[in-house]
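J.: Dumping the structure here so I can ask a few things about it.
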Amino acid sequence: MEGVIVKLPSFPFLNPSISSPSSSSSLPLRLGFRRFSASLSAVKEGSVSLGHLTRPDFPILHQEVNGSKLVYLDNAATSQKPTAVLNALHHYYEAYNSNVHRGIHYLSAKATDEYELARKKVATFINASDSAEIVFTRNATEAINLVAYTWGLSNLKPGDEIVTTIAEHHSAIVPWQIVAQKTGAVLKFVSLDENEVPDAKQLKEMISSRTELVVVHHVSNVLASVLPIEDIVIWAHEAGAKVLVDACQSVPHMVVDVQRLDADFLVASSHKMCGPTGIGFLFGKSNLLSAMPPFLGGGEMIADVFLDHSTYAEPPSRFEAGTPAIGEAIGLGAAIDYLSQIGMQKIHDYEIELANYLYEKLCSVPNIRIYGPKPSDKVQRAALCSFNVENIHPTDLATFLDQQHGVAIRSGHHCAQPLHRHLGVNASARASLHFYNTEEDVDDFIQSLNDTVSFFNSFK
């Protein structure tokens, strides 16, 4: 199959003259997108899948692991990076590496322009009304902590309630536990319904006049469920509460429009959306950011510094103390260019097909338990499945799949221990897809999983 894939057309985000990442030659200044429309036409005609068309843009996928072709199905943990992103990073460090905002020379001005352009790209990508509503952070975890330690400590009082769900990532639970301990606020948790989805009806009923904040994921990194964020925001706002959305598993896979959602805060990570590690972002409504105190003190976040006091810059600079992750931001901008050229709706539509195919094939594995809702005409699952096979530890499954078959999945609690306890297990295995995966990847995984299950069952 790899031989076939190599011959298929790539999304030409790269000028054909650009060297491969392993080349020692200099990268040209221009990164072209000239043949992209031809590749998209193939998708529209249905002749070649989006996965097959984009795979050539991801050099890391074309290798062997432990003697087998790599099948990468750990995308909910981190995505792979297209050559356009690798080249953007290389080009920054090779051609205009400099600190931003504090220099008048050419390199500094160029770096500043590209850094701020990346902010504008993020704003456009999620349809924020102003790029000043985008704060760069190290990751989504830091973005949530930023809100917790600035808005949370400034606004929450004893008896105030924070409503969230048992299915949240630890990053959306632990900061609010700390804030609740400091302020006397109370955390309230929504459980799962009969379909193993956070119970939206219970969430609605739990919101009251005491609710100050609702913290929810958009897409679950374990259950693959999708929450009705627009409805949740309406319920919260009617009660006078704010809403923070963890969009780490949605922004890379579907159209996310913060103005349509009307969420007050939204966070996401670059590394899950084909961008570099080390950078994420916080979206916050302008009026909220302007009223929030600084998160960290230092250079860049100030207006004036005196010996007895300091005044602070306007957002987003107020929340970006010190030298930022400049190259990473530029790489994130390149990733957004790449995703936007494909089209997020096309990515979402393709991944829904892959999600259904993965779920259907996994159901054929003996003694398997898949967590989350069953897909149907009314229920769409994200392109991931967390599962357990009876009497086989998920880490044993993941280890054998990697060492014997070159299949990369994740095992553990996926930073969701409360959810796993509710499900009655300590851990699960998880296969998660992205648009560069194919049905052949799923087939290879299922065949390898069946072989692995048979191996462990042979000892019974």
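J.: Of the conditions (1) assigned to a loop (DSSP other than H, G, I, E, B); (2) touching a helix residue (DSSP H, G or I) at 6+ places or on another chain (Cβ under 7 Å), F387 clears all except one; give me its number.
T.: F387 satisfies every listed condition except (1).
J.: Here's another thing I want to ask about it. Working only within region 122-133, note down all residues that are open to solvent by less than 50 Å² (accessible area, probe 1.4 Å) and either within 17 Å of D337 (Cα to Cα) or charged (D, E, K, R) (or both). Steps first, answer last, please.
T.: From region 122-133, those open to solvent by less than 50 Å² (accessible area, probe 1.4 Å) are 122-123, 125-126, 128, 131-133; that's our starting set.
Within region 122-133, V122, A123, F125, I126, A128, S131, E133 meet the criteria.
J.: If the requirement is being surrounded by fewer than 19 Cβ atoms within 10 Å (Cβ to Cβ), under 25 Å from the mean Cα position of the chain (by Cα) and within 21 Å of H169 (Cβ to Cβ), which of these qualifies: C415, C385? Give the derivation first.
T.: Details: C385 fails: surrounded by fewer than 19 Cβ atoms within 10 Å (Cβ to Cβ).
On inspection, the qualifying residue turns out to be C415.
J.: Moving on. Can V174 be described as open to solvent by less than 10 Å² (accessible area, probe 1.4 Å) and within 27 Å of S269 (Cβ to Cβ)?
T.: Numbers: open to solvent by less than 10 Å² (accessible area, probe 1.4 Å): no; within 27 Å of S269 (Cβ to Cβ): yes.
Answer is no for this residue.
J.: Something else: Can you tell me which residue among E194, E161, E205 is open to solvent by 60 Å² or more (accessible area, probe 1.4 Å) and within 20 Å of E238 (Cα to Cα)? Break it down stepwise before answering.
T.: Numbers: E194 fails: within 20 Å of E238 (Cα to Cα); E161 fails: open to solvent by 60 Å² or more (accessible area, probe 1.4 Å).
Within the list E194, E161, E205, the selection yields E205.
J.: Which one of these is in a loop (DSSP other than H, G, I, E, B), assigned by the TED database to the domain that holds L107, touching a residue at least 12 places away in the same chain (Cβ under 8 Å) and over 18 Å from D74 (Cα atoms): A321, A329, A335?
T.: Details: A329 fails: in a loop (DSSP other than H, G, I, E, B); A335 fails: in a loop (DSSP other than H, G, I, E, B).
None of the others qualify; the one that does is A321.
J.: Of all the strands (runs of 3 or more DSSP E) wholly in region 209-300, which have at least 2 residues that are closer than 21 Å to P198 by Cα and of a type in the set (D, E, K, R)? Explain how you work it out, then say what you get.
T.: On the way: elements: 211-217, 242-246, 265-269, 280-284.
Strands (runs of 3 or more DSSP E) meeting the threshold: 242-246.
J.: Only one of D160, D199, D130 is within 30 Å of S432 (Cβ to Cβ) and acidic (D, E); which? Write out each step before concluding.
T.: Working: D160 fails: within 30 Å of S432 (Cβ to Cβ); D130 fails: within 30 Å of S432 (Cβ to Cβ).
None of the other options fit; the residue is D199.
J.: Every residue in region 390-411 that is assigned to a strand (DSSP E or B) and open to solvent by 20 Å² or more (accessible area, probe 1.4 Å), please.
T.: Within region 390-411, the subset assigned to a strand (DSSP E or B) is 392, 407-408, 410-411.
Within region 390-411, A408, R410, S411 qualify.
J.: Now, a different point. Is it the case that region 120-142 has a residue that's at positive phi and in contact with a Lys or Arg (Cβ under 8 Å, 6 or more places away or on another chain)?
T.: So far as region 120-142 goes, yes, one or more of its residues are at positive phi and in contact with a Lys or Arg (Cβ under 8 Å, 6 or more places away or on another chain).
To keep it simple, each residue is scored yes or no on (1) within 22 Å of the chain's Cα centre (by Cα); (2) crowded, with 18+ Cβ neighbours inside 10 Å; (3) farther than 30 Å from N87 by Cα; (4) not assigned by the TED database to the domain that holds S428.
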position: R210; (1), (2), (3), (4): no, no, yes, yes
position: L227; (1), (2), (3), (4): yes, yes, yes, yes
position: H237; (1), (2), (3), (4): no, no, yes, yes
position: L244; (1), (2), (3), (4): yes, yes, yes, yes
position: D264; (1), (2), (3), (4): yes, yes, yes, yes
position: A268; (1), (2), (3), (4): yes, yes, no, yes
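J.: Also, quick follow-up: How many residues does region 80-100 contain that are surrounded by 17 or more Cβ atoms within 10 Å (Cβ to Cβ) and under 21 Å from F319 (Cβ atoms)?
T.: Adding up the residues that qualify gives 1.
The rows are residues; the columns are (1) in contact with a strand residue (DSSP E or B) (Cβ under 6 Å, 6 or more places away or on another chain); (2) over 26 Å from P375 (Cβ atoms); (3) at pLDDT 95 or above.
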site: A140; (1), (2), (3): yes, yes, yes
site: N155; (1), (2), (3): no, yes, yes
site: A172; (1), (2), (3): yes, no, yes
site: Q177; (1), (2), (3): no, yes, yes
site: D193; (1), (2), (3): no, no, yes
site: M206; (1), (2), (3): yes, yes, yes
site: E212; (1), (2), (3): no, yes, yes
site: V219; (1), (2), (3): yes, no, yes
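The values are calculated or read from the model by the stated rules, or taken from the named source; none is laboratory data. Nothing here was measured: the structure is a model prediction, and the numbers come from that model. With ideal geometry, Cβ positions are generated from the backbone for all residues, glycine too; neighbour counts draw on all protein chains shown. Side chains included, ligands, DNA and RNA excluded: accessible areas come from the protein's heavy atoms. Shrake-Rupley method; radii C 1.70, N 1.55, O 1.52, S 1.80 Å.
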